[in-house]
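Only one structure is covered here, and it is reproduced in the block below.
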Ligand code: NAD
Ligand code: UFG
C-alpha cells in the first residue's frame with residue numbers, strides 16, 4: 001500500500017487517481033489545512049470506489065505511528081506541506097514547522113515502521129535565480145525565499161539520511177509549474193482566497209470571479225517581456241510520481257534527484273493567449289510592476305527523468321488550458 005501524505009491536495013488527488021488506475025492500493029493522510037474533504041468524494045467518483053483517508057497532522061508522531069500500525073504501507077509519497085511563497089516570508093516558523101519538522105516526524109515514523117522508500121515533493125524554486133536555462137539537476141541550489149529553503153532543508157536531510165543508511169530508496173522530485181486538471185473536470189486546483197499563481201487566477205477571471213489579470217512585469221529580458229515558466233500538466237506530473245514509485249518499489253537503494261518539467265518555457269502572454277483560444281473567453285489583462293522575488297525565466301532540463309524513470313511529459317500548453325478551464329467552468333467555486 002502507498003501512503004500519500006497531503007493526499008487530499010491538488011497534486012495528491014491527481015496522483016491518487018493515476019496510482020489507483022495503475023493498480024496500486026493507496027491511503028491518504030491529510031489535516032485539510034489547504035484542502036477539503038469534498039475532494040475525496042470526487043476522487044471516489046473518478047475511480048469508482050472509496051479510498052481510505054486518515055485525518056491527521058504530519059507533525060504528529062502519534063498520528064503517524066497509528067497510521068503505520070493500521071495500514072501495511074510499503075512506500076510513501078510525501079506531498080504534505082505549505083507552499084505559498086509570500087506567506088512563507090511572513091510566517092517562517094510556521095513554514096519550517098510544517099515542511100521541515102513535518103518531514104522529520106514522518107521519517108522517524110517510517111524508520112520505526114521499517115518503511116524505507118520515499119518520493120518527496122521538492123520544487124524548482126530551490127534553484128532560485130539560475131545562471132542559465134534549461135536547468136539541470138546539477139545547477140546550484142540557492143532558494144530565494146523561506147518556502148524554497150524549507151524544501152532544500154528537507155532535501156539535505158534526505159541526502160544525509162541516505163548517506164548514513166544506504167538501505168533507503170529516495171526520489172527527490174523537483175516540480176516546475178504544475179497546472180491543469182484531470183480531464184473529467186471533477187478534480188482540479190482550488191486555492192483559498194486570491195490565487196497566488198497564474199493559471200488559477202486566469203481561470204477565475206474567465207469564470208467571472210475576478211475582473212482582470214495583472215501581468216507582473218512586461219520588461220523582462222524574454223521574447224515578449226513577460227516571465228517565462230515551464231508549465232507542466234498535473235496529469236503528467238502524477239504519471240511522473242507513478243514512475244518514481246515504480247522505481248522506488250524495485251528497491252534500488254539509491255537517492256535519485258529528478259526535475260519534473262516539460263523542458264519548454266512559455267511566457268505569461270503566451271499562456272493567456274492559449275487559454276483564450278482553449279476557452280473562447282477573453283481574459284482582460286494589464287501589465288503592472290514586477291512581483292518581488294520573481295525570476296525572468298525558468299525551465300527544466302527534463303532528460304534525467306526520461307533516462308532514469310522512463311518518464312516524459314506528453315501534454316501541451318493547450319491541453320493544460322483546456323483541462324484547467326473544464327475544471328473551473330464545471331466548478332466555478334471549486335469544491336465549495
Ligand atoms: P496543496 O496545498 O493542494 O496540497 C498539500 C496538502 O497537504 C493539502 O491537502 C494540505 O491540507 C496538506 N497539509 C499541509 N500541511 C499538512 C500537515 N502538517 N499535515 C498533514 N497534511 C498537511 O499543494 P499541492 O500543489 O498539491 O502541492 C503538493 C506538494 O508539492 C507540496 O509539498 C508543495 O510544496 C509541492 N510543490 C507544489 C508546487 C505547485 O506549484 N503546486 C510546485 C512545487 C512543489
Ligand atoms: N504571474 C502574473 N500574474 C499573476 C500571477 C503570476 O503575471 O497574477 C506571473 C509571474 O510573475 C510569473 C508567472 O506568472 O512570471 C508564473 O507565476 P506563478 O506564481 O504561477 O508561479 P511561480 O513560477 O512564481 O512559482 C510556482 C509556485 C512555486 C514553485 C514554482 C516552481 O508558486 O511554489 O512555481 O517553479 F516553487
The lone condition residue 310 fails out of (1) surrounded by fewer than 17 Cβ atoms within 10 Å (Cβ to Cβ); (2) within 19 Å of residue 178 (Cα to Cα) is (2)
Taking the range 28-50 and keeping only residues that are within 14 Å of ligand 1 (Cβ to nearest atom) and either out of contact with any strand residue (DSSP E or B) (no Cβ under 9 Å at 6 or more places or on another chain) or under 16 Å from residue 15 (Cβ atoms) (or both), one is left with 28, 29, 30, 33, 34, 35, 36, 38, 39, 40, 42, 43
Margin query: Would you confirm whether or not the range 79-100 contains a residue that is crowded, with 20+ Cβ neighbours inside 10 Å, free of Cβ contacts under 8 Å to residues at least 60 places away in the same chain, part of a loop (DSSP other than H, G, I, E, B) and out of contact with any strand residue (DSSP E or B) (no Cβ under 6 Å at 6 or more places or on another chain)?
Written below: no
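Just to check your reading of the model, which residue among 287, 232 is in a strand (DSSP E or B), crowded, with 21+ Cβ neighbours inside 10 Å and within 13 Å of ligand 2 (Cβ to nearest atom)?
Details: 287 fails: crowded, with 21+ Cβ neighbours inside 10 Å.
Going through 287, 232 in turn, the sole match is 232.
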All-but-one check, residue 241 against (1) within 13 Å of ligand 2 (Cβ to nearest atom); (2) under 29 Å from residue 336 (Cβ atoms); (3) outside any strand (DSSP E or B), failing number (1)
Expected single match for in contact with a helix residue (DSSP H, G or I) (Cβ under 8 Å, 6 or more places away or on another chain), under 30 Å from residue 279 (Cα atoms), without any contact (Cβ under 8 Å) to a residue 24 or more places away in the chain and not in a helix (DSSP H, G or I) among 183, 195 is 195
Taking the range 131-180 and keeping residues away from ligand 1 (no atom under 16 Å from the Cβ) and touching a residue at least 40 places away in the same chain (Cβ under 8 Å) leaves 133, 134, 136, 159, 161, 162, 165, 166, 167, 168, 169
When every residue in the range 235-251 that is surrounded by fewer than 18 Cβ atoms within 10 Å (Cβ to Cβ) and on the phi < 0 side of the Ramachandran plot is compared, the one farthest from ligand 1 (Cβ to nearest atom) is 250
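Hey, can you tell me all the residues within the range 130-157 that are outside any helix (DSSP H, G or I), under 21 Å from residue 90 (Cα atoms) and away from ligand 2 (no atom under 11 Å from the Cβ)?
Of everything in the range 130-157, just one residue is outside any helix (DSSP H, G or I), under 21 Å from residue 90 (Cα atoms) and away from ligand 2 (no atom under 11 Å from the Cβ), namely 142.
Would you pick out the residues in the range 219-229 that are touching a helix residue (DSSP H, G or I) at 6+ places or on another chain (Cβ under 7 Å) and more than 7 Å from ligand 2 (Cβ to nearest atom)? Steps first, answer last, please.
Of all residues in the range 219-229, those touching a helix residue (DSSP H, G or I) at 6+ places or on another chain (Cβ under 7 Å) come to 224, 226-227.
The one that is touching a helix residue (DSSP H, G or I) at 6+ places or on another chain (Cβ under 7 Å) and more than 7 Å from ligand 2 (Cβ to nearest atom): 224.
Evaluate the following for residue 12: is it touching a strand residue (DSSP E or B) at 6+ places or on another chain (Cβ under 9 Å), within 22 Å of residue 233 (Cβ to Cβ), within 13 Å of ligand 1 (Cβ to nearest atom) and assigned to a helix (DSSP H, G or I)? Give the steps one after another, and end with the answer.
Numbers: touching a strand residue (DSSP E or B) at 6+ places or on another chain (Cβ under 9 Å): yes; within 22 Å of residue 233 (Cβ to Cβ): yes; within 13 Å of ligand 1 (Cβ to nearest atom): yes; assigned to a helix (DSSP H, G or I): yes.
When the stated conditions are applied, residue 12 passes them.
Every number here is computed from the coordinates shown, using simple stated rules; none is lab data. Note that this is a predicted model, so its numbers are computed, not measured. Cβ atoms come from the backbone with ideal geometry, glycine included; neighbour counts cover every protein chain shown.
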